[in-house]
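Here the structure comes first, spelled out in structure tokens, and everything after it is commentary.
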Amino acid sequence: TSMVIASGMAQHALLYLLVTAIYYFLVLLGGQFYTFQWDILLIEAGFLTAVCFAPWQSLNLTTKDIPSVGCWPIRFLLFKLMFMSGIVKIQAECPTWQNLTALEYHFATQCLPGPLAWYAHQLPPFLLRLGVATTFVIEIPATIYLIVPWLRIRRIGAWMQIVLQVLIIATGNYNFFNILTMALCIPCMIGEDNSVKKWSRDTSRLGQHLKTIQAVICVLFLAISCKEMFLIEQYVTEEGKQMRWLKLSMTRHDCNNIAEKTLPTIVLFTLLCTFVSGVRLVRKNVTGLPGLSSLTHTFVCLTCIVVTAMPLFDLSPGMHQLGFMKPSTLRTIRRRTSVVSHGYGLFRRMTGVGKANFTGINALGLPPSIVARPEIVLEAIIVDEDGSVNSTSENDWQELNFRWKPGGIDRRPRQVAPHQPRFEWRMWFAALGAVQHNAWLVSFVDKILAGCPHVIDLLDEPELIAKKKRIQMVRAQLYEYDFTRLDTEWSRSIPGVDILDDDDHSAWWQRKAVRQYLPALDSDNESLKEFLQHAGYGSACRDEGGRCNGVGPSCQVAYFLRRIFSGKPLFFSVVAIFSCVMIDVTRSSSQVMTRKVKRD
């Protein structure tokens, strides 16, 4: 579909609506495996593109020909995404965000760390805490730059967001989320800067320095924001040495006040900018069908901005009491628009925060950050396909490896984005709770005991996939993981960490057993069958030919496609992106040649 859109061979607005609707139904059918925030962000972005932008554009337009009125809803969506992601971190009152120590946990505790996450985890705390402060600046005050009518300031704001996303991509596997966020920055970087043109025409000297003035305003605004957001605290080490450090000064109450005082003004300002852009568009097409189309386009964009802004009213209880709308009316609109307008709160609380009987301050004047990433490790008794071994000795239990999630301590984190292995993501969330609330994991255990080929394929166990061996019993243990550390002064101050020798860098992880997550089960376990029956899970399994018992031909198609694309996510992602780029380049070249022939 992306290649068809890029080729310009079909009316792309209808295609955007079609693919958005298909993905929405996929989210509904996928249940808890499609409940991630980037799934709903893709639906919201696809809807706004299909309604506010695509129907009113032609694919062969240059950026100078694109009316700004269609860009404003998408700019506002990016503002909402980043602003809410920053505000909820403070409202959650998580100590790691309040003390600016979140990055000291993040690289090791994120769902699927990337290959560079281990190296980022070794950075000195000064850089990590400075990175947290920079994140707050980019996600809260700098988001204002995304929705101003001046192109240069918007570009500054967009580039700040892009830099943040690139750094996240470099150390983590967040599938298409970061790419989608950077794509939302494109409308912020295009459009006419009418203010510069007007001043350049009227007063050339002022127009010449207007860009410099805008840049200075940006810097002053961020400097004032930093002064209000952070404070400098003083630490005293055991040796009596005084040291200063940065700390977040904003509280939950401050965030509520900011939301109540600024968000209504920001929404109205965005509506005003959209209206002004719409008026300029109407003035270009005063009469006839183009004029009616411009009016309709403006009205649709204004309506979509109002709908997109609804989740912002959930940031503070006081915003439901605003005088221009009754709380009951606001709740009704919010409920009816929930399909295409959502709230966001990325990394609201930091997980994997360990505890230790250590409250001192080290030589750097900083309290140590103890990482305890919870991780489920499946273990099994594996026998030959024709074997009759029935032992349950501890020595017979073998760890089951997955392709992407942490397992053995010598397994290096791998790069999988923009593909998302949703099963491994759900296992990360399951480790944060109890098995009683994750019946799908018990169902998975039941199916690998039954030898279901499509479920065995989720494992990174070649002999099981090739059916040379089979699983006799399965159990699950809960471990606490952390990256190993280089020998530094900061690492030595953290109790319980494994510091690598200069000659030994084979271990990427360290771990310790916490408790049993799931008791040992076999395929004949009656309590297993009763639990699955009570949770509403069946015991059906596809046969060796890949057919689905009692499901129908749709399952055959899904199974066939999964077999084709399984294990090659990065390859097919690169091929798809390269194909779209080549089609677009070919189409643009043909348009240039056509115009050249017409001129000749």
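Numbers for the structure displayed
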{"quantity": "Residue check for Asn395: open to solvent by 40 Å² or more (accessible area, probe 1.4 Å), at pLDDT below 85 and assigned to a loop (DSSP other than H, G, I, E, B)", "calculated": "no"}
{"quantity": "Enumeration of residues in segment 164-187 that are in contact (Cβ under 8 Å) with a residue 24 or more places away in the chain, buried (at least 18 other Cβ atoms within 10 Å of the Cβ) and outside any loop (DSSP other than H, G, I, E, B)", "calculated": "Leu164, Ile169, Thr171, Gly172, Phe177, Asn178, Leu180, Thr181, Leu184, Pro187"}
{"quantity": "Residue in segment 98-105 that is of a type in the set (Ser, Thr, Tyr) and under 19 Å from the mean Cα position of the chain (by Cα) present", "calculated": "yes"}
{"quantity": "Residue satisfying all of: in segment 474-491; charged (D, E, K, R) and open to solvent by 30 Å² or more (accessible area, probe 1.4 Å); modelled with the lowest pLDDT among these", "calculated": "Glu489"}
{"quantity": "Some residue of segment 237-254 being more than 30 Å from Thr96 (Cβ to Cβ) and either at pLDDT 90 or above or out of contact with any Lys or Arg (no Cβ under 8 Å at 6 or more places or on another chain) (or both)", "calculated": "no"}
{"quantity": "Residue in segment 132-151 that is under 30 Å from Ile409 (Cβ atoms), small (Gly, Ala, Ser) and either more than 21 Å from the chain's Cα centre (by Cα) or not in a loop (DSSP other than H, G, I, E, B) (or both) present", "calculated": "no"}
{"quantity": "Residue in segment 82-96 that is within 30 Å of Asp498 (Cα to Cα) and of a type in the set (Phe, Trp, Tyr) present", "calculated": "no"}
{"quantity": "Selection status of Thr296, closer than 18 Å to Pro149 by Cβ and either of a type in the set (Ser, Thr, Tyr) or buried (at least 20 other Cβ atoms within 10 Å of the Cβ) (or both)", "calculated": "no"}
{"quantity": "Some residue of segment 11-21 being in a loop (DSSP other than H, G, I, E, B), surrounded by fewer than 15 Cβ atoms within 10 Å (Cβ to Cβ) and modelled with pLDDT under 70", "calculated": "yes"}
{"quantity": "So Ile74, is it more than 16 Å from the chain's Cα centre (by Cα) and either at pLDDT below 85 or on the phi < 0 side of the Ramachandran plot (or both)", "calculated": "yes"}
{"quantity": "Cβ-Cβ under 6 Å pairs, at least 6 apart or on other chains, segment 483-500 side farther than 23 Å from Gly114 by Cβ and touching a residue at least 12 places away in the same chain (Cβ under 8 Å), far side open to solvent by 60 Å² or more (accessible area, probe 1.4 Å) and part of a loop (DSSP other than H, G, I, E, B)", "calculated": "Pro495/Phe358"}
{"quantity": "So Asp457, is it modelled with pLDDT under 90, of a type in the set (Asp, Glu) and open to solvent by 50 Å² or more (accessible area, probe 1.4 Å)", "calculated": "no"}
{"quantity": "Filter result for the condition that a residue is open to solvent by less than 30 Å² (accessible area, probe 1.4 Å) and in a loop (DSSP other than H, G, I, E, B), over Ile494, Ile471", "calculated": "Ile494"}
{"quantity": "Failed item, numbered, when Ile465 is tested on (1) buried (at least 18 other Cβ atoms within 10 Å of the Cβ); (2) within 32 Å of the chain's Cα centre (by Cα)", "calculated": "(1)"}
{"quantity": "Test: residue in segment 398-412 that is of a type in the set (S, T, N, Q), surrounded by fewer than 15 Cβ atoms within 10 Å (Cβ to Cβ) and over 28 Å from the mean Cα position of the chain (by Cα)", "calculated": "yes"}
{"quantity": "Given (1) modelled with pLDDT under 80; (2) part of a loop (DSSP other than H, G, I, E, B), index of the condition Ile564 fails", "calculated": "(2)"}
{"quantity": "Residue check for Cys301: of a type in the set (A, V, I, L, M, F, W, C), under 30 Å from Thr49 (Cβ atoms) and at pLDDT 85 or above", "calculated": "yes"}
{"quantity": "Residue check for Ala108: of a type in the set (Gly, Ala, Ser), in contact with a Phe, Trp or Tyr (Cβ under 6 Å, 6 or more places away or on another chain) and open to solvent by less than 10 Å² (accessible area, probe 1.4 Å)", "calculated": "yes"}
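Residue by residue, here is whether (1) open to solvent by less than 40 Å² (accessible area, probe 1.4 Å); (2) modelled with pLDDT of 80 or more; (3) farther than 30 Å from Glu399 by Cα holds:
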| residue | (1), (2), (3) |
| --- | --- |
| Asp504 | no, no, no |
| Trp508 | yes, yes, no |
| Ala513 | no, yes, no |
| Asp524 | no, yes, no |
| Ser539 | no, no, no |
| Phe571 | no, no, no |
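The values are calculated or read from the model by the stated rules, or taken from the named source; none is laboratory data. Keep in mind it's a predicted model, so treat the numbers as computed, not measured. Methodologically, a virtual Cβ is constructed for each residue, glycine included, from the backbone with ideal geometry; neighbour enumeration extends over all protein chains shown. Surface accessibility is based on the protein's heavy atoms, side chains included, excluding ligands, DNA and RNA. Shrake-Rupley method; radii C 1.70, N 1.55, O 1.52, S 1.80 Å.
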